[in-house]
Amino acid sequence: MCGIIGYIGEKPAGKILLNGLRKLEYRGYDSAGMLLLNKDKFTRIRSVGDIDKLEKKINGQWPKGKMGIAHTRWATHGGVTEKNAHPHFGRAKEVAIIHNGIIENYRELKEKYLKNHKFSSQTDTEVLAHLIEKYHQKHPLKKAVESALKKVHGTFGLAVISKKEPDKIIAGRSGSPLAIGVGDNQYFLASDATPLLTHTRKIIYLDDGEIAIIKKNNSYIYKIGNNNQINKKAQNIDWNTEEAQKGGFPHFMIKEIYDQREVFMDAIRGRLRPKEGSAQMGGFNLKDKEAQKIDRIILLACGTAYYSCLVGKYLFERLAQIPTEAEIGSEYRYRNPVIDNKTLVFSVSQSGETLDTLVSQREAKRKGAYVRGIVNVVGSTIAREADGGTYIHAGPELSVASSKAFTNMLAILTLYALYFGRLHKMSFETGNKIIKELEKIPGKINLILKQNEKIKKIAYKYSKYQNMLYLGRGINYPIALEGSHKLKELSYIHSEAYPAGEMKHGVNALLDKDFPVAAIATKNNLYEKMISNLEEIKARKSPFFVIATKGDKNIQRMTSDIIYVPKTIEILEPILNVIPLQLFAYHCAVKLKRNVDRPRNLAKSVTVE
Ligand code: M6R
């Protein structure tokens, strides 16, 4: 996720762009840049860090120009450096672009169409800039952008300006949002309405596959590759800035739960290898031969990230048969863990700053393990200190309670387990089946989100209780733990999670009509066992709701509080099953009037002991 903004009008563009970037900073903040066009001169200013750093660099010397583009970055391809910050130029610096999204086939584009080109950054975006400029030598800017986009696989929300056509900005969208702001003698463009609302309330949202020519007095919208203009009316938006940042959702938490539809794809995109039935992670920095020697995996994390590691343990053991342990950072750092040079340690962290995870990582490194990060925040300490690793690409997560980072951690752990599985005994067919199922996950997440109203009703019903018990078995036991964790931190309702097989060993004593249960009973090899556990719960008169597989009518005889999730393969069930539990916890918190995005006594990033 990055933030982009463009302006064309009669006012000096610099301050408008900078103020706009500030409002977009919630979308990314590792580096930023702006470019203004004045007559036939581009002025570009970029810097590493947040928007304050960019303003410092400008130092009051605002570049001249009444049109320009600007970008705040959340790195995907290429590290956090000034050279990688946007805007990017084409080879002759005739064209400049800003881009939010991922060009998956940028290497192929480079080799096929831009053989002798030299690039000054490591970004996929610069490749696109060169390609557009190449076509622009023969074609008008719109046609040049369309010709380049036709060759692109991936996602984009982009804005392009050219010295040769200084009266327009070209914008295009596929998979990354774009909004046009309609003003008087001035038009705007941005990733969302947030930075536009101080200038205008009239917003036109571009849809996927659309391209716009934006001039200071009008905008013209087309399907990419088509010259028939589409008539789109501006909507009147009455959100305030904060509401706009939340995309119309009342809290970041619920927005981020919904973000999972898109960002899951960002985690797996470009990392699947269908021809080999495997996966490949660019920053892993271990050759297959070295990876084959790994005989032990340790997954280090805290909180929600730790629960993703518990799922990871199932994944690595099931797919790759490598003994794997999930370890809590605050415990691990004070042990004397057994580690050798065949041990691979993954530190899993949204923020990349969690102190206990970081200190444990240092300890593992000191003892000679291979240490890799699975991290969201680019350039964070864990990411920097690890000897490689993989970004989960969930985009900034602002709600203190984690949601989309969790599902993207699961995505990356699945890819690593797939990779190690294929290095060992997993068949090509099994690998391929996993890949196909992974690609279907975003659609299935969407189907679960469509049941939001139903989940809300269930949450409102259960939010009156003081306690809650979460049950799961096998790979869904960590999801029971995560569901319980979400409920505690968001709603302050006390809850516990158990593997359902443990009930008879003590927990059954808790059950009565005032002690409700949330059970995960999707159709997998432990389904029958889970049904027996539900019978026991029913016999003890505990109210309960169930996460079940779509089409499972059997479950209806036990309770009417059922949330159906689409069928997937067992190893991917956690990714789907956690979503209703996130929504459940969220709605309980709303009903109880909790501070949803900032639960009491908690912080987003725990950088102290
Ligand atoms: O940034 P990290 O993923 O390392 O954070 C770990 C935990 O602090 C975090 O998951 C915490 O439990 C969240 N509040 C969970 O929603």
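Based on alpha-carbon positions alone, could you give the equivalent ellipsoid semi-axes of region 212-331 from the gyration tensor, as √(5λ), descending, whole Å?
Details: eigenvalues 394, 112, 25 Å².
Output for region 212-331: semi-axes of 44, 24, 11 Å.
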Debye, to nearest 20: dipole size of region 252-447, +1 on Lys, Arg Cβ, -1 on Asp, Glu Cβ
520
Rounded to the nearest Å, the spacing of the alpha-carbon centers of region 526-575 and region 398-449 is 22
Can you tell me which aspartates and glutamates have their Cα less than 20 Å from the Cα of K163? Leave out same-chain residues fewer than eight positions away.
E10, D40, E94, E126, E133, E146
Would you give the gap between the C-alpha center of region 342-383 and the C-alpha center of region 16-38, rounded to a whole Å?
31
Under 10 Å, Cβ to Cβ, from F584 - net charge with Lys/Arg +1 and Asp/Glu -1:
+2
I want the antiparallel fraction of DSSP beta bridges within region 3-245, as a percent rounded to 5.
100
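Would you mind putting 274-285, 166-177 in packing order, based on average other-beta-carbon counts within 10 Å, highest first?
On the way: 274-285: 16.2, 166-177: 21.9.
Result, highest mean Cβ count within 10 Å first: 166-177, 274-285.
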Which lysines does K425 reach when only Cα atoms under 18 Å apart count, and residues fewer than 8 places away in its own chain are ignored?
K275, K287, K289, K293, K313, K433
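Taking the highest mean first, how do the peptides 44-53, 12-21 order by number of other beta carbon atoms within 10 angstrom per residue? Walk me through the numbers before you get to the answer.
Numbers: 44-53: 18.4, 12-21: 22.2.
The most tightly packed comes first, giving 12-21, 44-53.
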The chain: angle of helix 303-315 to the longest principal axis, Cα-based, in degrees nearest 10
70
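Report, to two decimal places, the Cα Rg of the chain normalised by 2.2 N^0.38 Å (N = number of residues).
Numbers: Rg = 25.2 Å, N = 609, 2.2 N^0.38 = 25.2 Å.
Here the Cα radius of gyration is 1.00 times the empirical estimate.
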Using per-residue counts of other Cβ atoms within 10 Å, averaged over each peptide, order 306-315, 355-364 from highest down.
306-315, 355-364
Relative contact order of the chain, please, whole-number percent, based on alpha carbon pairs below 8 angstrom and at least 6 residues apart.
11
DSSP bridge orientation in the chain - percent antiparallel, rounded to nearest 5
60
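So if I place +1 on the C-beta of Lys and Arg and -1 on the C-beta of Asp and Glu, and nothing else carries charge, what would the dipole magnitude of region 3-245 be about its Cα centre? I want it in debye, nearest 20. Before the final figure, lay out the partial values.
Numbers: 40 positive and 26 negative charges, 205 e Å.
Using only the charged Cβ atoms, the result is roughly 980 debye.
If you count the DSSP beta bridges with both ends in region 252-447, what percent of them are antiparallel, to the nearest 5?
On the way: 2 of 21 bridges.
Antiparallel bridges make up about 10 percent of those DSSP assigns within region 252-447.
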Yeah, region 3-245 with a ≥ b ≥ c from its alpha-carbon gyration tensor (a/c under 1.5 is rounded, else prolate when a/b outruns b/c, oblate otherwise) is rounded
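Based on Cβ point charges of +1 for Lys and Arg and -1 for Asp and Glu, what charge dipole magnitude is obtained for region 104-190 about its Cα centre, in debye rounded to the nearest 20? Don't skip to the answer; put the middle values down first.
On the way: 15 positive and 10 negative charges, 86 e Å.
That gives region 104-190 a dipole magnitude of about 420 debye.
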Filter the cross-link list K83/K112; K461/K486; K513/K567 down to pairs whose alpha-carbon distance in this structure exceeds 29 Å.
K513/K567
Tilt, helix 527-539 to longest principal axis of the chain (alpha-carbon atoms), in degrees rounded to tens, equals 70
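Where a ≥ b ≥ c are the square roots of the eigenvalues of the C-alpha gyration tensor, would you call region 252-447 rounded, which needs a/c under 1.5, or, failing that, prolate if a/b is larger than b/c, or oblate?
Working: a/c = 1.83, a/b = 1.08, b/c = 1.69.
Oblate shape, in that a/c is at least 1.5 and b/c is the bigger or equal ratio.
Please state the shape class of region 451-591: rounded when a/c is under 1.5, otherwise prolate if a/b exceeds b/c and oblate if not, all from the C-alpha gyration tensor.
Numbers: a/c = 1.35, a/b = 1.08, b/c = 1.25.
It is rounded, given that a/c, with a ≥ b ≥ c, falls under 1.5.
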Theoretical gain in end-to-end length, K513 to D52 [0.36 nm per residue, Cα-Cα removed]:
160.4 nm
Rounding to the nearest 10 and keeping the result within 0 to 90°, find how far the Cα-based axis of helix 13-24 lies from the longest principal axis of the chain.
0
From the Cα centre of region 75-97 to that of region 186-263, the distance in Å is 24
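Read-outs throughout are calculated quantities, based only on the coordinates presented, and are distinct from any laboratory measurement. This structure is a prediction, so every number in the text was calculated from the model and none was measured. Cβ sites come from the backbone with ideal geometry, for glycine too, and all protein chains shown count toward neighbours.
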